[in-house]
Every structure is written in structure tokens, then in C-alpha cells.
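Chemist: This is the structure I want to talk about, given as C-alpha cells.
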Amino acid sequence: MNKNIKNFIFTIILAYVFSLYLPWWSIMLAAFISGFLIPLKKRAIFFIPFIAVAILWIVQSYILSSANDFILAEKIATLLKLKGNSTLLLLATGVVGGLAAGISGIFSKQCSTFFK
Amino acid sequence: MKIFKLGLSLVLTLATFYALNTKLGSLPPLGKFLSPSQGVWQNEVTESKKESDINLKGLSAPVTVKYDEHLVPHIFAENPMDLYKSQGYVTAQHRLWQMEFQTHASSGRLSEIIGETALNYDRTERRRGMVFGAEEKLKTWENDKEVLDYVDAYADGVNQYINSLNPEDYPVEYKLLDYAPEEWTRKKTALLLMYMTKMLAGGDSDLEYTNFLKKYGKERFDLLYPDFFDVNDPIIPAETDWSNLENTIQTPVPSSEMPLDYMKETIEKPHPDNGSNNWAVSPEKSYSGNPILANDPHLKLNLPSIWYAMQLSTPEQNTYGVSLPGAAGIVIGFNEHIAWGMTNATRDVIDWYKIEFEDETNSNYKYNNTWKATSKRVEEIKIRGKKTYLDTVTYTHHGPVTYDVNFKGNGEKIGYAMRWTGHLGGQNQRTLLDLNTSKNYEDYKNAIKTFLAPAQNVIFASTEGDIALWIQGKFPNKWKGQGKFLMDGSNPEHDWQSFIPQEHNAHTKNPERGFVSSANQHPVDSSYPYYVFNDGYEIYRNRVINDFFRSKDKFDIQDFKDLQNNNFNLQASELLPFMIPLVEKAELSSEEKEILNKVKSWNYNNDIDEVGPTIWQIWYDKLAELTWDEITNDSIALDYPFKYQTAYLLKNYPNDKFMDNLETPEIETANDLFEMAFKDAVAKLNELKTNKGTINWGEAKATYIGHLLQALPAFSRFDLPIGGYSGIVNATSQNHGPSWRMIVEMTSPPTALGVYPGGQSGNPGSKFYDDLVDTWASGEYLELNFMQDKNQNDGIIFSQTLNPSNE
């Protein structure tokens with residue numbers, strides 16, 4: 001299996017398991033560990049953890065929110081000036097989670113290059 | 001190079017973590033806030049419809065809680081201790097953030113959570129002596145072990161709920177503002193009751209009146225702010241004979257002088273529309289022969305609602321009604337034997353004393369020709385992201401020196417101290433709990449005795465067929481005119497000399513007219529043997545209500561509903577027919593004529609699809625502004641005269657000096673003002689039409705219910721289709737109105753209707769957050785499910801069992 005796919009799957013699993021026990025920043029930890037164990041190259045260093053966590057967060061949020069008819073999602077989307085659009089809020093959630101994970105992935109890469 | 005890249009990526013990672021984990025400006029910490037496992041997505045949930053078992057420490061037996069289709073909990077416990085513990089737990093489940101926020105607001109602690117913008121508010125609350133007042137309450141409670149035990153049981157229930165939460169379970173507002181709930185205490189219950197005391201009895205105009213008196217003199221004052229209007233339909237029927245009250249001694253007027261000081265600025269007052277209606281008819285006047293009682297308290301419209309509906313039941317009591325999240329028991333409601341309700345008594349229970357300090361240290365003040373020591377309270381106001389602010393508040397025997405050199409005062413060595421019944425302690429919590437278990441008139445009469453402030457018109461009806469109303473509170477026995485103006489804090493004669501004996505508080509039981517009612521109007525007529533002056537009494541709603549009950553012999557439930565939803569604008573009906581012919585004579589454009597004709601054909605009902613109320617209100621507001629331009633434009637603090645007196649002066653004193661508009665060279669009369677105001681109103685109506693596409697009253701008034709946190713639009717409800725206005729029985733103005741509407745017929749057991757503008761859940765993510773709003777706006781009611789048996793399951797959507805546990 002291609003390393004990108006491996007890292008992608010591993011990041012999602014790790015991030016999900018961590019989220020059961022640790023605060024939100026555990027996604028950064030997941031991306032870091034995943035990047036260390038399954039090294040990535042070039043743009044993938046950032047984008048694989050970004051996409052992995054973005055998808056995880058969007059799916060998790062969607063499941064929670066759709067079960068309640070997106071009542072709160074629409075209100076929070078109004079609050080955050082996203083025009084009351086719950087889809088935009090889901091995307092924003094993905095971007096925030098993805099960004100944190102992607103940057104952590106970069107840091108992970110630098111660590112492994114430095115220490116190996 | 002490697003190390004540089006490592007360092008850079010480390011910094012970037014830390015920066016990302018920091019930015020997403022920290023509240024930046026008004027933005028919540030986005031990582032935490034949007035995380036599906038920890039953030040706001042966890043609040044995307046409507047209260048579970050599944051059965052559940054919960055362990056609650058300290059219960060003596062299992063407690064059953066059944067939730068009906070509107071999430072109203074019906075709690076069945078074996079004894080009062082279990083009942084109040086469960087009440088605390090259940091209430092916190094749905095209203096935790098609100099409970100805590102209100103007590104933070106009461107104690108001047110908002111800066112702690114929202115930052116420096118709240119500092120002035122916090123200082124005002126501290127200087128009003130809110131925390132001092134709560135502490136005085138606690139001292140009274142300490143003499144009443146039973147009540148203290150119940151309040152502590154309630155607190156323990158709240159705390160067991162808080163302790164069961166993980167950060168992801170916190171209500172959404174905590175996540176938004178990034179803080180955590182703290183322990184609930186009995187002091188917080190006292191602070192909540194202070195919050196209500198301030199809301200209902202925290203207003204006065206003494207300093208504004210003093211300013212007016214100094215500037216314009218007594219004759220002008222008495223004309224603008226009379227003790228009685230030329231009409232009066234008091235709460236206690238005017239024909240009441242007071243001669244059976246023994247030893248009524250009114251305090252004699254001292255001969256000493258009053259200080260006359262100018263105050264530029266005074267502290268913020270509660271909203272003048274805080275008020276209420278209640279009424280009850282006797283068996284003779286009731287369609288069924290059972291007394292019927294109604295109550296609708298008018299407060300600021302907020303989400304979560306100020307009220308939380310519930311049923312509290314033990315083998316000895318069965319009570320239904322609305323509670324205040326944070327206090328034990330039901331505040332307005334009914335049980336199997338009685339129903340009761342409250343309106344605000346609006347009496348003058350705040351007076352101000354000028355204090356002369358010996359020197360700049362404020363350590364001693366002049367009293368009875370000597371120097372008396374003050375005490376000081378250092379108020380620590382924590383500010384989010386800033387250094388703690390320390391504010392020293394000086395206390396005299398009158399009360400806190402609210403205004404001094406450091407706060408809106410008049411320089412060194414001078415202060416203004418507040419004397420307030422809100423600082424006298426008192427046992428409101430006892431009254432509430434005793435009302436919950438009262439079985440008849442005598443129980444009710446005893447229950448309310450300890451209620452001190454905020455003074456209330458407590459209405460009563462029983463299945464035995466009695467109706468009654470007591471104006472209950474602790475009232476200073478004032479000399480004629482005492483406390484209307486600033487007094488001399490050094491003169492013992494100016495102190496409150498005594499209090500009106502509780503049994504002399506005005507009341508009526510089963511009056512001949514067959515009904516009792518109150519709508520914040522004058523409690524009595526001038527024959528009452530104690531001094532009561534007009535501190536902003538209602539004069540419109542009460543007349544509509546009393547005229548309605550005088551209009552026929554029998555009343556049924558539909559009559560009660562119609563009256564609570566009555567939109568008749570008595571003020572307009574008294575002034576418009578006088579104004580219109582005068583304006584008709586003026587030169588008007590065709591557009592102006594058209595608008596005048598529209599308002600002329602209006603039936604005086606403030607219904608949502610009428611344009612008449614919009615034209616009238618804009619016209620009147622401008623008229624009042626032009627009439628009282630002297631007051632608005634003054635640099636000292638002054639209050640508008642009452643609405644009724646404004647109309648009276650416009651009609652009867654059209655050439656008075658106040659009618660002149662100072663901005664124009666001509667000397668205006670009332671008739672000129674009618675025309676000027678009308679033309680201005682037409683321009684404003686055009687503007688409104690352009691902006692909203694209509695000038696219908698519903699859209700023009702645009703009633704909204706704002707979230708408790710600065711009316712966050714995302715959590716608020718706007719443009720509600722509901723008529724009425726301030727001064728109308730349906731007292732719904734833009735952000736104020738009936739916060740609970742209740743009608744109870746005293747069948748056995750009682751049959752009741754109720755509704756409030758909100759929902760049981762405080763979670764904006766819940767379907768129950770605002771599910772009653774539309775029902776309320778349309779003037780409809782819920783049939784209250786007064787369960788007689790805990791095994792009954794009609795209309796129940798799920799239940800919880802609270803089990804005793806020792807862990």
C-alpha cells in the first residue's frame with residue numbers, strides 16, 4: 001500500500017481513538033505520531049493529515065448534527081458569521097481540524113529528519 | 001538549516017495550538033469549540049427520550065421524574081429533602097448556565113467572564129450592595145434551620161449534576177466564553193433572590209426628583225409628579241373601611257430642611273415596564289361556581305426564559321407552577337387546594353441620604369451632631385485578561401454609600417447613601433416554600449408574613465371558595481413626603497422611624513364586588529392611614545381589567561384568556577379623540593390627511609395587522625419628546641413625568657410653559673405640539689415603510705426574545721407576531737412582556753392553563769429551547785398536566801429515576 005494511504009488511514013484511526021480520551025488537540029498528536037511512523041513526502045506531509053482529520057471531524061460532526069436536524073449547527077453558523085449555513089460550519093470544522101493536524105504533520109517531518 | 005526548519009515548524013505548531021485553544025476577542029477558541037468530541041457539536045442534542053437511572057447521593061428513597069411533551073418535569077419524592085435535592089438536580093440539567101450567569105450578574109461578576117466592558121455594570125451592582133444584601137438574607141436564613149436544609153439540599157442537587165459533567169458536556173455558553181461552572185452555594189440562591197429584588201424593587205427617582213425640585217420648585221413638581229392622578233382605581237377597593245386597623249400612627253413630618261443637591265448622573269434602574277397583572281373572581285362571579293385565578297408577570301423577554309415550569313410532589317404536597325432556576329419551590333402556581341400569583345407592588349422602598357464625611361478618608365460621617373464611624377467593604381472585581389479592580393465601598397447605618405468621589409458623586413467628603421429594604425435580609429424562601437404547601441386562606445396569610453422584598457401583590461384563590469389579595473412587603477412608615485427627595489443623612493429625624501405593622505399592610509378578602517385584581521397601580525386610595533406616594537404607578541391596565549370585571553355577572557375561562565390577550569389601548573383612546581380634531585384644522589398635505597384618517601378610523605386595539613397603533617405610538621413618542629425637551633436636554637438627571645400626567649397636562653394645561661419647544665423662537669402650546677409631532681411622525685412612518693415594507697403594528701413593534709448573553713442574535717428569536725404594548729393588558733412591548741401566563745380554575749384538583757415565551761431547555765441546540773414561543777405569541781395556552789399519580793403516563797415522553805447512592 002502506498003504510504004500516503006497508510007498514513008491517511010492510520011491518522012484517522014489514531015485521531016479517533018485519542019479523541020475518546022484526550023482533548024481536541026489529540027488530533028495534533030495523532031498527526032505527529034502518524035507522520036513519524038509513516039513518513040510522507042513533499043505536499044503530502046501537510047495535506048494527508050489535513051484531509052484525514054478534516055474528513056474525520058466533518059463525518060463525526062455530521063453524524064451528531066444530522067441526528068438533531070442541525071438545529072444548533074445553524075445557530076452556530078449564524079454566530080460565526082457563516083450565514084446560518086450548517087454546511088459551511090461543517091467545512092469550517094474540517095478546515096480547523098485539518099489545519100491543526102497538517103501543521104503538526106510538518107513538525108513531525110522536521111523532527112524525524114532532524115533526529116534520524 | 002535542519003535546526004532552523006525544526007525550530008520554525010515547532011513555533012508554527014505551538015502558534016496553531018495557541019490560536020485554536022484560546023479565546024481571541026469575541027471569537028471562541030476555535031479548535032476546542034469546533035472539535036466534534038469536545039466542542040459545540042456535543043451540544044447538538046435534544047433531551048434524551050430514553051428512560052434513565054441516575055444515582056444521587058443523600059436521597060432517602062428513589063425519586064421518580066416524569067417529563068411531559070414540553071419537557072416539564074413532574075417530580076415525585078417521598079419527602080421535602082429529597083424533593084428539593086431533586087429539584088436542584090433536574091433544574092441544573094436544563095438551566096445550569098443561566099442559573100450561574102444570573103447570580104454572577106447579581107453579584108457584579110460579569111467582568112470575570114466577559115471582560116472590562118462589564119466593569120461599570122459590576123461596580124454599580126457592588127455599590128448597590130447586592131452582595132451585602134445577599135449576605136444579610138443568609139443571616140436571616142440561619143435562624144431557620146428547616147429552610148436552610150432545603151436550600152442546601154437544592155444546592156447539593158445542583159452540585160451533583162455539575163460534578164457529573166465532563167468539559168464536553170458543559171452548556172454551549174461556557175464553550176463560547178471559554179470558562180467552567182463553579183460550585184453552587186446557598187449564597188447563590190440568596191443572590192438570585194437579590195437579582196429579583198433589584199429587578200422588581202430596585203428602582204426609584206428620588207435623585208431625579210430632587211434635581212427637578214431644585215430647578216423648578218415645589219409647585220411645578222406637584223403638578224408634574226402628583227401623589228395621586230385625577231383618576232384612581234386602586235388594588236384594594238376604594239370602598240374598603242380602614243377603621244378596624246388599630247393604632248395606626250403615621251410618622252409626623254419633621255420641621256428640618258432637606259438637602260438640595262444636583263446629580264449629573266444616577267445609576268441604572270430596572271426597566272420601568274417590569275410589572276404584571278393578576279386577578280381572581282369569586283364563586284359567585286365564576287361560570288362554574290369555582291374561583292378562577294390568573295397571573296402574568298411582565299418581565300424582560302429572554303432566552304432561556306426566567307421561568308422553569310415543574311411539578312413538585314410528595315405524599316404531603318402536590319404543587320405545579322413556575323420556579324426560578326436557583327431557588328427552591330414554585331414561585332407562581334397552584335396545589336390541590338390553592339392557587340397564588342404575584343404582581344409587583346411598586347412601592348418606594350429606596351431612599352437616599354446625603355452623607356458628609358469628616359475628611360477625605362471617609363472614615364467618619366456626621367450624624368446627630370457628632371462623628372460616627374463608617375465601615376468599608378473592599379470589592380474585588382476580577383476582570384478577564386486584566387488586573388483585578390479594587391473598589392472600596394463605604395457603609396453607613398443607612399446603607400452603602402453608592403455615590404462618592406470615586407463614583408458619579410459630587411467631589412470629596414460628600415457621599416450619597418442608599419437605604420433599601422433589599423438590604424434588610426428577610427425570608428422570601430420560607431414564604432415560597434410555605435405557599436407551596438398552603439391549604440387555605442389562613443395558611444396563605446401566614447406564609448406571606450415573612451416576605452420582605454420585593455414587595456408583591458400576592459393574589460390567592462382556594463378550592464374552598466375564597467379569593468384574596470395582600471400587598472406584602474416590609475414598608476417603612478413614612479411621614480407625608482418622606483423619601484420622595486434626597487434626605488439629610490446626619491439628621492436622625494430623617495431616618496426611617498418605623499415600619500408599617502405587617503397586619504396593617506393593605507389587603508382584601510372576598511370583597512363584595514366579587515373579584516380581586518392588581519396591575520401595579522396605586523395600592524390604595526388616599527383614605528389608607530399610611531403615607532403612600534406615586535412612584536410610577538400604572539393607571540391604564542388596571543382600569544381596563546377592573547372595568548371588564550364590572551361589565552358583567554359571570555366569567556369563564558375564555559374571558560380570562562381574552563383579557564390576558566386584550567390589546568385595548570386606553571391611553572390612545574383617551575388622548576387621540578382630543579388630538580385629532582385639533583390637527584384636522586391645520587394645513588395638511590394629502591399624504592398627511594390620509595394618515596390622519598387612518599388613525600382616526602382605528603378601533604384602539606394594538607393588533608398586529610393594524611396601522612393605527614403604529615401611527616399613534618410614533619406620534620405620541622414624538623409628542624412626549626417635544627413636550628419634555630426641557631427634561632431630555634438638561635445636563636442633570638431628570639425623569640419624564642408619567643404617561644398619564646403627560647396626557648393630563650396636554651389636555652388641561654395647553655399653555656403651560658413646558659409646552660414650549662426651546663429649539664424654536666416661537667412660543668408653542670400643546671396644540672402646536674400635536675401638529676409638529678404629527679408631521680414629524682408622518683416622515684418617520686414613511687421611513688419605516690421604506691425599511692420594512694409595511695407599517696403594520698406587528699412588524700413595526702418587532703417583538704423579540706433576546707438571549708441572556710447580550711441578546712446574541714444566533715440564540716434569540718425575532719419579529720414575533722404578537723400585539724399589545726406597554727400600558728396595555730397584553731403588555732408585550734419590543735423586548736418586554738408576559739413572561740408567564742397562567743389561568744387556574746379551582747376545581748378539585750385545580751384545572752390550569754399556562755404558557756411562557758421560551759422553552760424548558762436552556763440548550764440552544766434543543767428542540768425544547770424555544771418550542772413554546774409560537775404558542776405564546778399566538779395567545780394560546782398549554783393545558784397543564786397536573787399529575788395526580790406518579791404511575792400515570794398520559795402525555796409523558798420519558799422518565800428518570802433518581803436512586804439513593806452512598807458513593
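Chemist: Could you please find all residues in segment B:438-470 being closer than 20 Å to residue B:318 by Cβ, polar (S, T, N, Q) and in contact with a strand residue (DSSP E or B) (Cβ under 7 Å, 6 or more places away or on another chain)?
Modeler: B:438, B:440, B:462
Chemist: Next question. Pick from B:131, B:63: which is within 21 Å of residue B:454 (Cα to Cα) and touching a Lys or Arg at 6+ places or on another chain (Cβ under 9 Å)?
Modeler: Matching residue, one of B:131, B:63: B:131.
Chemist: Does residue B:798 meet the test of being closer than 30 Å to residue B:61 by Cα and not in a loop (DSSP other than H, G, I, E, B)?
Modeler: Criteria met by residue B:798.
Chemist: Out of A:19, A:104, which single residue is over 30 Å from residue B:713 (Cβ atoms), among the polar types (S, T, N, Q) and touching a residue at least 60 places away in the same chain (Cβ under 8 Å)?
Modeler: From the options A:19, A:104, the qualifying one is A:104.
Chemist: Only one residue in B:533, B:578 is outside any helix (DSSP H, G or I) and hydrophobic (A, V, I, L, M, F, W, C). Which one? Talk me through it step by step, then tell me what you get.
Modeler: Working: B:578 fails: outside any helix (DSSP H, G or I).
Going through B:533, B:578 in turn, just one is outside any helix (DSSP H, G or I) and hydrophobic (A, V, I, L, M, F, W, C): B:533.
Chemist: Go through (1) under 30 Å from residue B:713 (Cα atoms); (2) charged (D, E, K, R); (3) more than 9 Å from chain B (Cβ to nearest Cβ) and name the single condition residue A:3 misses.
Modeler: (1)
Chemist: Sticking with this one: The conditions are (1) more than 23 Å from residue B:451 (Cβ to Cβ); (2) part of a loop (DSSP other than H, G, I, E, B), and residue B:372 fails exactly one of them. Which is it?
Modeler: Against the list (1) more than 23 Å from residue B:451 (Cβ to Cβ); (2) part of a loop (DSSP other than H, G, I, E, B), residue B:372 comes up short only on (2).
Chemist: Filtering segment B:696-709 down to residues that are more than 12 Å from every other protein chain (Cβ to nearest Cβ) and under 17 Å from the mean Cα position of the chain (by Cα), which residue is farthest from residue B:598 (Cα to Cα)?
Modeler: So in segment B:696-709, the residues more than 12 Å from every other protein chain (Cβ to nearest Cβ) come out as B:696-706, B:708.
Still in the running and under 17 Å from the mean Cα position of the chain (by Cα): B:704-706, B:708.
Numbers: B:704: 27, B:705: 30, B:706: 33, B:708: 38 Å.
Taking the candidates together, the pick is B:708.
Chemist: In addition: Sort out which residues of segment B:717-736 are under 16 Å from the mean Cα position of the chain (by Cα) and over 30 Å from residue B:466 (Cβ atoms), and write them in order of number.
Modeler: Hits for segment B:717-736 are B:726, B:727, B:732, B:733, B:734, B:735, B:736.
Chemist: Looking at segment B:361-384, which of the residues that are more than 32 Å from the chain's Cα centre (by Cα) and farther than 18 Å from residue B:493 by Cβ is surrounded by the most Cβ atoms within 10 Å (Cβ to Cβ)?
Modeler: This residue is B:362.
Chemist: Quick check on segment B:173-201: of everything there that is part of a helix (DSSP H, G or I) and of a type in the set (Ser, Thr, Tyr), which residue is farthest from residue B:20 (Cα to Cα)?
Modeler: Once the filter is applied, the top-ranked residue is B:197.
Chemist: Same structure again: Does residue A:9 fit the bill of being farther than 29 Å from residue B:176 by Cβ and either more than 9 Å from every other protein chain (Cβ to nearest Cβ) or part of a helix (DSSP H, G or I) (or both)?
Modeler: In short, yes.
Chemist: Go through segment B:11-38 and report how many residues are without any contact (Cβ under 8 Å) to a residue 24 or more places away in the chain and in contact with a strand residue (DSSP E or B) (Cβ under 9 Å, 6 or more places away or on another chain).
Modeler: Looking only at that region, the number is 1.
Chemist: Taking residue B:47 as the residue in question, decide whether it is at pLDDT 95 or above, assigned to a loop (DSSP other than H, G, I, E, B), farther than 27 Å from residue B:199 by Cβ and in contact with a strand residue (DSSP E or B) (Cβ under 9 Å, 6 or more places away or on another chain).
Modeler: Spelling it out, it is not the case that residue B:47 is at pLDDT 95 or above, assigned to a loop (DSSP other than H, G, I, E, B), farther than 27 Å from residue B:199 by Cβ and in contact with a strand residue (DSSP E or B) (Cβ under 9 Å, 6 or more places away or on another chain).
Chemist: Further question: Looking only at segment B:1-59, count how many residues are hydroxyl-bearing (Ser, Thr, Tyr) and within 9 Å of another protein chain (Cβ to nearest Cβ). Can you show your working first?
Modeler: Narrowing segment B:1-59 to residues hydroxyl-bearing (Ser, Thr, Tyr): B:9, B:13, B:16, B:18, B:22, B:26, B:35, B:37, B:46, B:48, B:52.
Filter once more, keeping what is within 9 Å of another protein chain (Cβ to nearest Cβ): B:9, B:13, B:16, B:35, B:37, B:46.
Matching residues across segment B:1-59 total 6.
Chemist: Please go through segment A:49-76 and pick out each residue that is part of a helix (DSSP H, G or I), of a type outside the set (S, T, N, Q), farther than 23 Å from residue A:108 by Cβ and within 8 Å of chain B (Cβ to nearest Cβ).
Modeler: A:64, A:71, A:72, A:73, A:75, A:76 - these are the residues of segment A:49-76 that are part of a helix (DSSP H, G or I), of a type outside the set (S, T, N, Q), farther than 23 Å from residue A:108 by Cβ and within 8 Å of chain B (Cβ to nearest Cβ).
Chemist: Within segment A:35-48, is even one residue of a type in the set (Gly, Ala, Ser), more than 8 Å from chain B (Cβ to nearest Cβ) and buried (at least 17 other Cβ atoms within 10 Å of the Cβ)?
Modeler: yes
Chemist: Of the residues that make up segment B:128-143, is at least one closer than 20 Å to residue B:86 by Cα, at pLDDT 95 or above, within 25 Å of the chain's Cα centre (by Cα) and part of a helix (DSSP H, G or I)?
Modeler: No, every residue in segment B:128-143 fails to be closer than 20 Å to residue B:86 by Cα, at pLDDT 95 or above, within 25 Å of the chain's Cα centre (by Cα) and part of a helix (DSSP H, G or I).
The rows are residues; the columns are (1) under 30 Å from residue B:67 (Cα atoms); (2) within 14 Å of chain A (Cβ to nearest Cβ); (3) of a type in the set (Phe, Trp, Tyr).
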site: B:694; (1), (2), (3): no, no, no
site: B:712; (1), (2), (3): yes, yes, no
site: B:716; (1), (2), (3): yes, yes, no
site: B:722; (1), (2), (3): yes, no, no
site: B:740; (1), (2), (3): yes, no, yes
site: B:753; (1), (2), (3): yes, no, no
site: B:756; (1), (2), (3): yes, no, yes
site: B:764; (1), (2), (3): yes, yes, no
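Chemist: While we're here: Among B:175, B:145, which is the only one that is basic (Lys, Arg) and free of Cβ contacts under 8 Å to residues at least 12 places away in the same chain?
Modeler: Details: B:175 fails: free of Cβ contacts under 8 Å to residues at least 12 places away in the same chain.
The conditions single out B:145.
Chemist: Scan segment B:48-64 residue by residue and report those that are more than 16 Å from residue B:164 (Cα to Cα) and surrounded by 14 or more Cβ atoms within 10 Å (Cβ to Cβ).
Modeler: Residues satisfying the conditions are B:59, B:62, B:63, B:64.
Chemist: Right, here's the next one. Pick out the one residue from B:586, B:624 that is in a loop (DSSP other than H, G, I, E, B) and surrounded by fewer than 22 Cβ atoms within 10 Å (Cβ to Cβ). Full working, then the answer.
Modeler: Details: B:624 fails: in a loop (DSSP other than H, G, I, E, B).
One residue alone meets the criteria, B:586.
Chemist: Being under 27 Å from residue B:422 (Cβ atoms), among the hydrophobic types (A, V, I, L, M, F, W, C) and either within 14 Å of chain A (Cβ to nearest Cβ) or crowded, with 18+ Cβ neighbours inside 10 Å (or both) is the filter here; which residues of segment B:139-191 pass it?
Modeler: B:141, B:147, B:151, B:153, B:155, B:158, B:184, B:190, B:191
Chemist: Hey, another quick one. Taking segment A:23-34 as the search range and keeping residues that are within 14 Å of another protein chain (Cβ to nearest Cβ) and part of a helix (DSSP H, G or I), which one is farthest from the chain's Cα centre (by Cα)?
Modeler: Here is the first cut: in segment A:23-34, the ones within 14 Å of another protein chain (Cβ to nearest Cβ) are A:23-33.
Now drop any that are not part of a helix (DSSP H, G or I), which leaves A:26-33.
Values: A:26: 10, A:27: 6, A:28: 8, A:29: 11, A:30: 9, A:31: 8, A:32: 12, A:33: 14 Å.
Selected residue: A:33.
Chemist: For segment A:85-109, how many residues are at the interface with another protein chain (Cβ under 8 Å from one of its Cβ atoms) and either in a loop (DSSP other than H, G, I, E, B) or farther than 24 Å from residue A:16 by Cα (or both)?
Modeler: The total comes to 0.
The values are calculated or read from the model by the stated rules, or taken from the named source; none is laboratory data. All figures in this text were calculated on a predicted structure; none of them were measured in a lab. Don't worry about glycine lacking a Cβ; one is built from the backbone with ideal geometry, like all the others, and counts go over all protein chains shown.
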